[in-house]
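All remarks here apply to the structure that follows.
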Amino acid sequence: MESICPIDSLCANEISALLTPPSPLQVQEYYDKLLSARKCSSVIVKQDGKFGKGVYAAMDFKEGEFILKDQMLVGAQHSSNKIDCFVCSSCFRFIGTVELQIGRKLYLQELGASRSHGCDIGDLSNTSEYCHEIDSSDGEDSFMEREENTGECASGSSEAKVRLPEGVVESLMNGHMMLPYSKEFSLPSVVPCPGGCGEAYYCSTSCAEVDWNSSHSLLCTGEKSDTACREALLKFVKHANETNDIFLLAAKAISFTIVRYHNLKASHLVEQGKYDTSCVSNHCDLSVLLEAWRPISMGHKRRWWDCIALPVDINSSDESAFRMQIRDLAFESLQLLKRAIFDKECEPCILPDAKLVIYAFIDLVVASPVEDYFLYIDDLTYPEKEEADKITKPILDALGEDYSICCQGTAFFPLQSCMNHSCCPNAKAFKREEDRDGQATIIALRSICKGEEITISYVDEDLPFEERQASLADYGFRCRCPKCVEEEP
Ligand SMILES: [Zn+2]
Ligand SMILES: [Zn+2]
Ligand SMILES: [Zn+2]
């Protein structure tokens, strides 16, 4: 089902150029460049006519061996998860201290927490349906840690929690109260956004710089922001938080393209020896825009409202009404974003992307040091454990089951998104002890020979044949892997 979009007519040619899938040659060039820029020689990406892109081993791997780390191109923490986890807005590492993580979470929960953060306690009724869609929006996201989706909107969960005495939360937050053994779990210190928004925080000045130069300069609501209209930006963020935070990720992808466009254009001018930028035209240079758009175009498939999985509570007879509804939502979001980061030259890229055609979003999961901390305390022996418990037990009771919530969001991983599915995969996405950030780590499940395709499973490969095929239908294909061929009735 393809919807006709009224804004398509505005920049029809540019939009169709942007939405045209990259040619096999462009794909090859892009990935060769990406792998060499990342100094990654363990794999290559090849395009084949039948299955599209695939990732192939460029060396032999042993069982359990590390294959690659995939740095996300754009990613965002779920709005609802921001209450539970305080992480770097660029690399998604937990920041501050264990005490700050706990104190901040309890503080925000007590506050009846941040209506501005979308699907929280007060507003659950009308927004939760959209929060949950994110995880099923495109299917491709679900092969990582699917079972860990428990944190979504979890701050609203209402199991009995025991409140801490007055002042404890405050002293946890301001560093006056130190928990036993928390030094074992040191985290990077908090670097606030240089734009002054008070929304984005980082693990280092370099992460702050990377994020600023990638997209945050346009999306920052602070005083030093380059946004065209701060008020419009605030409205856009509010709308996204109240409806679907995937719009925030789309905004990052668009801003990323706009910033890249201007950088590329400037560097082309320097190459051509035109240093005086005052006489340069401010017309859209489509070839530069396409180049700026290329990384994002690698993840394109269908329009978001056409491929998002139908929520379970929506009857299939209401499907078209549902799709119209979320399409309207995307338009609404687009109008707000356009006013906030309007850029005449890059207008065409604001239009198609707000249609959210990125399909290759994958769940982003980073384990919580708070969970590790309480497990550590639990593992202590007498008398240390008893001593520590006196302090930590009330805090654990106050947190309830929420103590273990991990950082969750959505991201576009350029390499992992090229990996094809198999029900008997030879690799999997796996977070090792040292992988405490938002990068995707791929490890070998068995020995892999040089030249062999690297496959991962998008679904639970232990499900019966029919159930696997049904789940994979969401991805638009019927699996013909050796296991499926063998089990086909
Ligand atoms: Zn960072
Ligand atoms: Zn900022
Ligand atoms: Zn299969």
Item to check | Cross-chain or 6+ apart pairs with Cβ under 9 Å, the range 195-224 first and within 15 Å of I341 (Cβ to Cβ), then near ligand 1 (Cβ under 10 Å from one of its atoms) and acidic (D, E) | outcome: S217/D211
Checklist entry - Out of all the residues in the range 407-423, is one or more over 24 Å from F66 (Cα atoms) and more than 16 Å from ligand 3 (Cβ to nearest atom)? => result no
Checklist entry - Looking at the range 215-250, which of its residues are out of contact with any strand residue (DSSP E or B) (no Cβ under 8 Å at 6 or more places or on another chain) and assigned to a loop (DSSP other than H, G, I, E, B)? => result C220, T221, G222, E223, K224, S225, D226, T227, A228, C229, T243, N244
Next on the checklist: Please determine whether any residue of the range 459-468 is part of a loop (DSSP other than H, G, I, E, B), surrounded by 13 or more Cβ atoms within 10 Å (Cβ to Cβ) and not aliphatic (A, V, I, L, M).
Outcome noted: yes
Next on the checklist: Residue under question is S317, and the condition is that it be exposed (fewer than 13 other Cβ atoms within 10 Å of the Cβ), closer than 22 Å to G476 by Cα and at pLDDT 70 or above; does it hold?
Outcome noted: yes
Item to check | Selection within the range 434-489 - of a type in the set (F, W, Y) and either at pLDDT 95 or above or under 26 Å from K69 (Cα atoms) (or both) | outcome: Y458, Y475
Checklist entry - If you take the residues in the range 91-114 that are farther than 22 Å from E433 by Cβ and outside any helix (DSSP H, G or I), which one is farthest from ligand 1 (Cβ to nearest atom)? => result G112
Item to check | Single condition V162 does not satisfy, out of (1) assigned to a loop (DSSP other than H, G, I, E, B); (2) within 13 Å of ligand 2 (Cβ to nearest atom); (3) among the hydrophobic types (A, V, I, L, M, F, W, C) | outcome: (2)
Next on the checklist: Against the conditions (1) in contact (Cβ under 8 Å) with a residue 24 or more places away in the chain; (2) away from ligand 1 (no atom under 16 Å from the Cβ), where does C407 fall short? Just the number, please.
Outcome noted: (2)
Item to check | Qualifying residue in the range 448-459 (condition: away from ligand 3 (no atom under 16 Å from the Cβ), over 17 Å from V43 (Cα atoms) and among the polar types (S, T, N, Q)) | outcome: no
Checklist outcome for this item: Scanning the range 202-249 for residues that are more than 9 Å from ligand 2 (Cβ to nearest atom), surrounded by fewer than 20 Cβ atoms within 10 Å (Cβ to Cβ) and within 30 Å of G175 (Cα to Cα) gives S204, T205, S206, E209, V210, E223
Checklist entry - How many residues does the range 469-489 hold that are at negative phi, within 30 Å of the chain's Cα centre (by Cα) and part of a loop (DSSP other than H, G, I, E, B)? => result 7
Checklist entry - Quick check: anything in the range 434-441 touching a residue at least 60 places away in the same chain (Cβ under 8 Å), touching a Leu at 6+ places or on another chain (Cβ under 7 Å) and either within 25 Å of E371 (Cβ to Cβ) or away from ligand 1 (no atom under 16 Å from the Cβ) (or both)? => result yes
Checklist entry - In the range 340-382, what count of residues is obtained for those that are part of a loop (DSSP other than H, G, I, E, B), modelled with pLDDT of 70 or more and hydrophobic (A, V, I, L, M, F, W, C)? => result 3
Checklist outcome for this item: Output for Cβ contacts, cut-off 8 Å, separation at least six or different chains, first residue touching a residue at least 40 places away in the same chain (Cβ under 8 Å) and closer than 18 Å to A250 by Cα in the range 318-347, second among the polar types (S, T, N, Q) and part of a helix (DSSP H, G or I), reads I341/S255; C346/T257
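The values are calculated or read from the model by the stated rules, or taken from the named source; none is laboratory data. No experiment lies behind these values; they were computed from the predicted model shown. Virtual Cβ from ideal backbone geometry, glycine too; neighbours counted across all protein chains shown.
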